[in-house]
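Data block below; observations after.
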Amino acid sequence: MRAALFDTYGGPEVLYEGTVPVPAVGPGEVLIKVHAVSVNGGELTGRAGRLRLITGRRFPKRIGIDFAGEIAAADPAVRGLGLGDRVWGALPRGRFGSAAEYVTVRPRQIALSPAGLSPPEAASLVVGTTAITALRDKARLRGGERLLVRGASGGVGSIAVQYGKALGAHVTGLAGPRNLDFVRALGADEALDYTTTHPGDLPPFDVIFDTVGTDHPTYHRLLPPGGRMVAIAFDIDHIGPSLRYIAASTRHGPRRIRFFSGNPKHPDFADLTRYTEAGMLRPVVDTIHPLSAIATAHQALEAGGVRGKHIIQIT
């Protein structure tokens, strides 16, 4: 089968479309025929080798975390799913390789996807589980509170803006200058240019959702007593100080930073399906690329200014 691979760490140019065996269906697993996947920021970091102490030096390596597709085969012991069922999901934490024609997962990693979405649209929304977990579960955002979303035009940020409004919050989005109208169209009450807006000029926020990962101390100061900050990224160039600051904030004072790395399961995807079908969330696709253009997709995400998600269409 076709799959995205790389044989050495480096820039987007190391990625290519190659071939690997179709995975065998193990006990309790299902085989997914993948229709589309999204490109995630963490994959860029891993591909560049900035996490090589964790990812190791064995090549070739695979790429891709989430997916939208359909059930192609299943272990006879699996119940509740049928051949041809449209599903969405993600590989478990630490595993890559969804950018391929087929992938095997356990049923707990997937759920039935919403009706009426194309595969690229569905793939663009899978990261919505991260926004929901951050705002509903980690920050416990309530109606009437003030929410700041850093990276409001990106894949996770664009969903966080929508979900924050659905929860009844007053939403301010930070984004690049060309994306301000786009962020307002997502429902943000205010959209501010991060290149000209100094954090010191901003008012207090009850909740800050940070998808960018830099300047945690600066934005942390915007929280009033009882305020909450949730971060899904950290400054990879200053990883030690960044992680130490996050860790210290969890031990001292009420305004702690909650950092987490998504590892969604079936209930999270089922919630995402319900919210989407209820009209609370809509897909945001920046560009659809073929699998053969995986390097171009990574290059486009690294260039910045993204609106929603870059999608790889497999079939």
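The values are calculated or read from the model by the stated rules, or taken from the named source; none is laboratory data. Bear in mind that the values here come from a model prediction, so they are computed numbers and not experimental data. Note that each Cβ is placed from the backbone with ideal geometry, even for glycine, and that neighbours are counted across all protein chains shown. Just so you know, the surface numbers come from the protein's heavy atoms only, side chains and all, with ligands and any DNA or RNA stripped out. Shrake-Rupley method; radii C 1.70, N 1.55, O 1.52, S 1.80 Å.
Here G151, G226, G155 are screened, and the one residue that is among the small types (G, A, S), surrounded by 24 or more Cβ atoms within 10 Å (Cβ to Cβ) and on the phi > 0 side of the Ramachandran plot is G151.
Selection of strands (runs of 3 or more DSSP E) fully inside the range 1-80 by the criterion of at least 3 residues being open to solvent by less than 70 Å² (accessible area, probe 1.4 Å) and modelled with pLDDT of 95 or more returns 2-6, 30-38, 66-74. Here the range 53-104 is the region considered, the condition is being farther than 17 Å from G262 by Cβ and among the basic types (K, R), and the residue that is farthest from the chain's Cα centre (by Cα) is R79. The number of residues in the range 167-179 that are buried (at least 17 other Cβ atoms within 10 Å of the Cβ) and within 15 Å of R307 (Cβ to Cβ) comes to 5. Annotation note: Cβ proximity below 7 Å between a residue of the range 152-174 that is among the β-branched types (V, I, T) and a residue that is open to solvent by 10 Å² or more (accessible area, probe 1.4 Å) and in a helix (DSSP H, G or I) (sequence gap 6+ or interchain) occurs for V156/T130; V171/K165. Where helices (runs of 4 or more DSSP H) fall wholly inside the range 96-191, the ranges with 1 or more residues that are aromatic (F, W, Y) are 155-166, 180-185.
Restricting attention to the range 120-142, the residues that are open to solvent by 40 Å² or more (accessible area, probe 1.4 Å) and out of contact with any Gly (no Cβ under 8 Å at 6 or more places or on another chain) add up to 5. Cβ-Cβ contacts under 7 Å between residues 6 or more apart (or on different chains), taken from a first residue in the range 97-116 that is farther than 14 Å from S38 by Cβ and assigned by the TED database to the domain that holds R86 to a second residue that is buried (at least 19 other Cβ atoms within 10 Å of the Cβ) and of a type in the set (D, E), are listed as T104/E29; V105/E29; R106/E29. I want to confirm something. Restricting to the range 208-223 and keeping residues that are open to solvent by less than 10 Å² (accessible area, probe 1.4 Å) and touching a helix residue (DSSP H, G or I) at 6+ places or on another chain (Cβ under 7 Å), which single residue is farthest from D137 (Cα to Cα)? This residue is H216. Residues in the range 180-207 that are within 21 Å of V284 (Cβ to Cβ) and open to solvent by 20 Å² or more (accessible area, probe 1.4 Å): L180, D181, F182, R184, A185, G187, D189, E190, L192, D193, Y194.
Within the range 103-119, how many residues are surrounded by 22 or more Cβ atoms within 10 Å (Cβ to Cβ) and farther than 13 Å from P264 by Cβ? The total comes to 3.
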